[in-house]
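Read the structure below first, then the notes.
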Amino acid sequence: MSEPALALEGIVRTFVQGETRLEVLRGASLSLAAGEIVALVGPSGAGKSTLLHIAGLLERPDGGEARIGGVASGGLSDAERTRLRRERLGFVYQFHHLLPEFSALENVMLPQMIAGVARREARPRARKLIAAVGLEARAKHRPARLSGGEQQRVAIARAMANRPSVLLADEPTGNLDQTTAMAVFDLLIGIVRETGMAALVATHNHDLAARMDRTIALEGGRVVAQ
């Protein structure tokens with residue numbers, strides 16, 4: 001039996017502010033298979049973003065283990081975690097976080113170049129991804145000249161740049177109007193289905209959650225099935 005694309009095992013995360021201890025995650029566990037799209041729901045403050053940060057190796061838990069494709073991350077150095085994140089994970093956020101001084105095409109080239117891909121090799125893949133999200137005619141535009149939906153499409157293309165096995169999305173349509181949100185979501189899900197990666201998508205939109213393979217929720221710091 002193959003390893004899960006993503007597995008979180010007994011994740012604990014506590015924040016301390018002065019004399020106050022806030023236990024956000026209290027043994028949260030989940031597992032995603034390759035090709036599976038899972039919605040993560042829960043009220044604001046439940047810990048969805050914290051869980052995604054730990055799954056994305058952006059934050060270390062106080063307890064438990066995050067495994068990416070069977071690779072345990074807890075004992076890895078920061079450099080090793082960075083390499084694993086760069087090679088296996090893609091991220092889409094509510095706000096696109098595109099670099100404003102670069103064109104759409106260049107924003108998609110950058111993750112590849114950071115990973116060591118030569119510019120001449122990064123450009124063709126970036127062009128292919130920009131075309132896949134329907135923005136070939138606007139590839140040279142900087143983010144300020146793109147609509148919110150177009151910027152989020154570029155962000156999706158950028159997340160796919162290094163062929164990740166796991167996509168983590170935090171309210172990827174939360175900053176868009178309903179019509180644009182549905183179009184961007186359809187694009188995101190279509191690409192995930194086509195590539196066969198696993199995807200964990202945090203959302204408040206229950207209509208979108210219902211279109212994924214299954215839904216899980218954070219309640220009391222733990223993951224429960226919906």
* Selection within region 100-111 - at pLDDT 90 or above, not in a loop (DSSP other than H, G, I, E, B) and not aliphatic (A, V, I, L, M) -> Glu106, Asn107
* Unmet requirement for Leu57, which otherwise passes all of (1) without any contact (Cβ under 8 Å) to a residue 40 or more places away in the chain; (2) surrounded by fewer than 16 Cβ atoms within 10 Å (Cβ to Cβ); (3) in a loop (DSSP other than H, G, I, E, B) -> (2)
* To do: Collect the residues in region 160-172 that are touching a residue at least 40 places away in the same chain (Cβ under 8 Å), open to solvent by 10 Å² or more (accessible area, probe 1.4 Å) and not acidic (Asp, Glu), keeping them in residue-number order.
  => Asn162, Pro164, Ser165
* Restricting the first residue to region 173-201 and requiring it to be farther than 21 Å from Gly148 by Cα and in contact (Cβ under 8 Å) with a residue 12 or more places away in the chain, which pairs with a second residue that is crowded, with 16+ Cβ neighbours inside 10 Å and of a type in the set (Asp, Glu) meet a Cβ separation below 6 Å and a spacing of at least six or different chains? -> Ala198/Glu36
* Scan region 86-97 and give yes if some residue there is over 26 Å from Gln178 (Cα atoms), open to solvent by 40 Å² or more (accessible area, probe 1.4 Å), assigned to a strand (DSSP E or B) and touching a Gly at 6+ places or on another chain (Cβ under 8 Å), otherwise no. => no
* Asked: If you take the residues of region 128-171 that are part of a helix (DSSP H, G or I) and basic (Lys, Arg), which of them is farthest from Ala199 (Cα to Cα)?
  -> Arg145
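Conditions tested, residue by residue: (1) open to solvent by less than 60 Å² (accessible area, probe 1.4 Å); (2) closer than 16 Å to Leu6 by Cα.
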| site | (1), (2) |
| --- | --- |
| Gly70 | yes, yes |
| Gly75 | no, no |
| Leu84 | yes, yes |
| Leu99 | no, no |
| Glu106 | no, no |
| Val117 | yes, no |
| Arg120 | no, no |
* Could you please let me know if Arg211 is within 17 Å of Gly42 (Cα to Cα), among the basic types (Lys, Arg), in a loop (DSSP other than H, G, I, E, B) and modelled with pLDDT under 90? => yes
* **Unmet requirement for Glu65, which otherwise passes all of (1) at pLDDT below 90; (2) in a strand (DSSP E or B); (3) surrounded by fewer than 19 Cβ atoms within 10 Å (Cβ to Cβ)** => (1)
* Which condition does Arg21 not pass, out of (1) open to solvent by 20 Å² or more (accessible area, probe 1.4 Å); (2) more than 20 Å from Val92 (Cα to Cα); (3) touching a Lys or Arg at 6+ places or on another chain (Cβ under 9 Å), if it passes all the others? -> (3)
* For residues that are free of Cβ contacts under 8 Å to residues at least 40 places away in the same chain and part of a strand (DSSP E or B), scanning just region 1-47, find the one that is farthest from Val71 (Cα to Cα). => Thr20
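The values are calculated or read from the model by the stated rules, or taken from the named source; none is laboratory data. Since this is a predicted model, take the numbers as computed values, not measurements. Backbone-built Cβ (ideal geometry, glycine too); neighbour counts: all protein chains shown. The accessibility values were calculated without ligands, DNA or RNA, using every heavy atom of the protein model including side chains. Shrake-Rupley method; radii C 1.70, N 1.55, O 1.52, S 1.80 Å.
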